[in-house]
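Asker: For reference, the structure I am asking about is given below.
The values are calculated or read from the model by the stated rules, or taken from the named source; none is laboratory data. The structure presented is a predicted model; accordingly, all values stated were derived computationally and were not measured. No Cβ is skipped: glycine too gets one built from the backbone with ideal geometry, and neighbour counts run over all protein chains shown. SASA here: full protein model, heavy atoms, side chains in, ligands and nucleic acids out. Shrake-Rupley method; radii C 1.70, N 1.55, O 1.52, S 1.80 Å.
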Amino acid sequence: MIAGVGIDMIEVERIAEKISKEGGFRELVFSKTEIDYCESKKHKAEHYAARFAAKEAFFKALGSGWAENTSFNEVEIMNDKHGKPEINLAGQTLETINAMGIKNIFVSLSHIKKVASAIVIVEK
């Protein structure tokens, strides 16, 4: 049963500015695996932005916004072996989401030079 739907979009330039600073934004928001993935891309800011949008959409789909006992960097947006994006949860975030009864999470990403977007559907 669908428990929630979230959508988000963000300007790529906003994320490009944040990741260019040495303030720890990347480490606060992204997992090491996500950082390695995005840094390997030619247009890395687009990939970071799409993943940021997916995290925002995920929290919107929960219906709570950024939920207590969750961390952005424990919501990991990766691609399966076919390139399909998926959300992997870790740590306290995984425990919190499991306690909510979430069974399936679906994510779709899109990005162009100036804008990135994502939609997330969660099922119980």
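Asker: Taking only DSSP H segments of four or more residues, each worth -39500 (n - 2.57), what value at 222 nm results for the chain once the sum is divided by all its residues, to the nearest 500 deg cm²/dmol?
Answerer: About -12000 deg cm²/dmol.
Asker: Let me ask you something else. Cβ neighbours within 10 Å, averaged per peptide: list 56-62, 25-31, 82-88, 35-41 in order, most packed at the top.
Answerer: 56-62, 25-31, 35-41, 82-88
Asker: So the label point goes 7 Å from the Cα of Asn104 along Cα→C-beta, right? Which residues of the stretch 1-28 then have their backbone N under 11 Å from it?
Answerer: Taking a point 7 Å out along Cα→Cβ of Asn104, the residues of the stretch 1-28 whose backbone N falls under 11 Å are 1-3.
Asker: Additional query: Stokes-Einstein diffusion coefficient for the chain at 10 °C in a medium of 1.306 mPa s, Rh from the Kirkwood formula over Cα pairs: what value in µm²/s?
Answerer: Stokes-Einstein gives a translational diffusion coefficient of 110 µm²/s.
Asker: Counting only C-alpha contacts under 8 Å and six or more residues apart, can you give the relative contact order of the chain as a whole percent?
Answerer: Here the relative contact order equals 38 percent.
Asker: Could you please report the charge total around Val75, scoring K, R as +1 and D, E as -1 over all other residues with beta-carbon less than 11 angstrom from its beta-carbon?
Answerer: Around Val75, the surrounding residues sum to -2.
Asker: Something else now. Given a 1.4 Å probe and every protein chain left where it sits, what share in percent of the accessible area of the chain is carbon and sulfur?
Answerer: That share works out to 53 percent.
Asker: Straight-line reach from Lys21: which aspartates and glutamates have a Cα under 20 Å away, not including same-chain ones fewer than 8 places off?
Answerer: Glu11, Glu13, Glu34, Asp36, Glu39, Glu46
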